[in-house]
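Notes follow once the structure below has been shown.
The values are calculated or read from the model by the stated rules, or taken from the named source; none is laboratory data. What you are looking at is a predicted structure, and each value in this text was computed from that prediction instead of being measured. When we count neighbours, we look across all protein chains shown, and the Cβ atoms used for this are built from the backbone with ideal geometry, even at glycine. Heavy atoms of the whole protein, side chains included, go into the accessibility calculation; ligands, DNA and RNA do not. Shrake-Rupley method; radii C 1.70, N 1.55, O 1.52, S 1.80 Å.
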There are 2 protein chains.
Amino acid sequence: MEPSLTGLRVLREIAERGSFTAAATELGYTQSAVSRQAAALERATGQRLFDRQAGGVTLTAAGLTLLRHAVVALDAVAAADRELKGLPPERGTVRLGTFPSAGVLILPRALAALRRTHPRIGVTTREATTPALVRALRARTIDLAILASRPPHRPLDDQAPPLEYLTLSETTLLLAVPAGSALAAEDAVELEALADQDWIAGPSSAAEPAMGVWPGAPGRPRIVHTARDWLTKLHLVAAGCGITTVPPGLADAVPPGVRLVEVQGGPAERRRVVLARLPGPCPPAATEIIRALRQEAARQPG
Amino acid sequence: MEPSLTGLRVLREIAERGSFTAAATELGYTQSAVSRQAAALERATGQRLFDRQAGGVTLTAAGLTLLRHAVVALDAVAAADRELKGLPPERGTVRLGTFPSAGVLILPRALAALRRTHPRIGVTTREATTPALVRALRARTIDLAILASRPPHRPLDDQAPPLEYLTLSETTLLLAVPAGSALAAEDAVELEALADQDWIAGPSSAAEPAMGVWPGAPGRPRIVHTARDWLTKLHLVAAGCGITTVPPGLADAVPPGVRLVEVQGGPAERRRVVLARLPGPCPPAATEIIRALRQEAARQPG
DNA sequence: GGCTGGTATGCCTGACTGTCATGGAGCCCT
DNA sequence: AGGGCTCCATGACAGTCAGGCATACCAGCC
């Protein structure tokens, strides 16, 4: 037997989403259909391709090799489709994945600079969580990923081949407080002052410590709002609804009524913005984007 | 809708065989199945892919572009299959197609030389008719083809992109006669002496003038034997059953009882041995084979 | 005008690929 | 420890599709 094209597409989606169910909803299938397709693939290849663990699925080594070839095949039929429709053959466009807050300042500036110097290079971007971006890199659905990393800066997965990382900038975390509040009186506040505060956090996932709350703040954080969007969070802060953490890259973008202060007395909260890609030859369009991103990152030091 | 993998495989086979029926028998299908697959492909792409003419099928421009991508996809899944089975990933092996008599001397010597200088390069060969080889080149089922060409040396098909040709050697035809016969008395015979002779021809096809009979020989040739195999033909000559034409490359291989003579008085019968390939980058293994073939061709001048 | 290549198509069956509904295994939180 | 959640597997079923078979059709050729 032989793997089918839809089987390969399902494989790619599973690799990218990290779970059968997510892949199913993404493809418009039922979870059971995806499960069957996965089983059919394993039957066709005669090997275990998926590591079913609680909470998701990762690809085995065999699954990764099949994925590598599957991407080639799927891209070929997609290219055929485009070419037969008379569309240009997708030349030189780079697919970029970013973690949510990268899209606020670094990315648009770098892209604007790139468009000035290399107007022919096409870029598409996609926002997603860090693990989703890592999976998308491995599924070759994106070419480059801008990720956030906190110490200790470990590799983001342990699959082979290891990803290549390039640090764009290294920053320290800031605290956004309402302009009129007591916390805004000085340029820096003490860690102890953060006890008994209302916090505005990001979408809280069970695994990660809630983004937006200062790590190591004393006491139990009282999360009163959660919002994905930076602008929402900052306006909540301006409205006096709470405080939250922000990367310094946003310094130029804070609305009136919000003040950014440093936090003293705890361990320095250093974050890295990291560019990740699969090892291997780098197409020229991608190197140009990397250059533009590094230049822009250097321009606004953390 | 989307073309299926089997559809693409059928497309490749049609391109290579030049007819639905031939593709069907090759794939173990019925002709009707192939016809339906072809129709499904055209439905999926929304374009006419095949030019149905009497006596066979050629690909349209759209068919050729689809074929180009189809080959990539099919190779990808084949490579995945190999790799998952633990086989080496088919690196550097070149698929060579030859016309029947190339296999006698040029090819084995060139391959022997190549194995001495580059033992790592793998070569597979396949013998077929000239049009089949041209189609196989276009279907990317072979990488290189050794073809025979007679004047006027036109391109062997009119599809795009045009094939690249490289003349390996240019020879003049010889006549194989029984050693004891009257024709063997001199080094050369007159064209008129070829009237009223028994001829040993190749498999006669309706389209081509029978191979083996001297072109322009006076009178109607009397074909008493037909044989594909060179050794068979030469032994028939040795047995006095008739005479036939041979390329001079076989000079070293004639069995006792056979003499090779030239023919005077007619137009020179010049043949070329031509190496053909699709335009585009040439993998290093292929260039090595080309080098070996040219070297061997130069060693035994026609 | 029959014959010999070739392709297209109506009819049928078996397989496959989906959905629906249900069951079972971990993990987390209380 | 147990309830609840999220995940994957699987039995039953239906619609579709891809094959085979038989036949019709078409063009060139003797």
> Is at least one residue of region B:65-74 open to solvent by 80 Å² or more (accessible area, probe 1.4 Å) and either within 12 Å of chain A (Cβ to nearest Cβ) or within 16 Å of DNA strand C (Cβ to nearest atom) (or both)?
Replying inline: yes
>> Of everything in region B:279-300, what is surrounded by fewer than 17 Cβ atoms within 10 Å (Cβ to Cβ) and touching a strand residue (DSSP E or B) at 6+ places or on another chain (Cβ under 7 Å)? Give them in sequence order.
In response: B:279, B:294
> For region A:99-112, which residues satisfy the criterion of being closer than 11 Å to residue A:145 by Cβ and either open to solvent by 30 Å² or more (accessible area, probe 1.4 Å) or assigned to a helix (DSSP H, G or I) (or both)?
Replying inline: A:102
> Taking region B:2-29, which residues are farther than 18 Å from residue B:56 by Cβ and not acidic (Asp, Glu)?
Replying inline: B:3, B:4, B:5, B:6, B:7, B:8, B:9, B:28
>> On the basis of being at pLDDT below 90, of a type in the set (A, V, I, L, M) and surrounded by 19 or more Cβ atoms within 10 Å (Cβ to Cβ), does residue A:96 make the cut?
In response: yes
> Within the set of pairs 6+ apart or on separate chains, which have a first residue in region A:244-265 that is on the phi > 0 side of the Ramachandran plot, a second that is open to solvent by 50 Å² or more (accessible area, probe 1.4 Å) and among the small types (Gly, Ala, Ser), and C-beta atoms under 7 Å apart?
Replying inline: A:257/A:179
> Before we move on, is residue A:245 in the same structural domain as residue A:197 (by TED's automatic domain parsing), crowded, with 19+ Cβ neighbours inside 10 Å and within 28 Å of residue A:110 (Cβ to Cβ)?
Replying inline: yes
> Going through region A:75-93 one residue at a time, which ones are within 10 Å of chain B (Cβ to nearest Cβ) and either closer than 30 Å to residue A:169 by Cα or open to solvent by less than 50 Å² (accessible area, probe 1.4 Å) (or both)?
Replying inline: A:76, A:77, A:78, A:79, A:80, A:84
> Going through region A:134-165 one residue at a time, which ones are in a strand (DSSP E or B) and surrounded by 14 or more Cβ atoms within 10 Å (Cβ to Cβ)?
Replying inline: A:144, A:145, A:146, A:147, A:148, A:149, A:165
> So how many residues does region B:243-302 have that are under 23 Å from residue B:118 (Cβ atoms), part of a helix (DSSP H, G or I) and among the hydrophobic types (A, V, I, L, M, F, W, C)?
Replying inline: 8
> Here are some conditions: (1) closer than 25 Å to residue A:160 by Cα; (2) open to solvent by 50 Å² or more (accessible area, probe 1.4 Å); (3) at the interface with chain B (Cβ under 10 Å from one of its Cβ atoms); (4) in contact with an Asp or Glu (Cβ under 8 Å, 6 or more places away or on another chain). Residue A:44 meets all but one. Which one does it not meet?
Replying inline: (2)
>> Quick check on this structure: which one of A:62, A:39 is among the small types (Gly, Ala, Ser) and more than 11 Å from chain B (Cβ to nearest Cβ)?
In response: A:39
> Restricting the search to region A:113-133, which residues are among the aliphatic types (A, V, I, L, M) and either outside the structural domain of residue A:293 (by TED's automatic domain parsing) or open to solvent by 40 Å² or more (accessible area, probe 1.4 Å) (or both)?
Replying inline: A:123
> Of the conditions (1) under 30 Å from residue B:61 (Cβ atoms); (2) within 16 Å of DNA strand C (Cβ to nearest atom), residue A:48 fails just one. Which one is it?
Replying inline: (1)
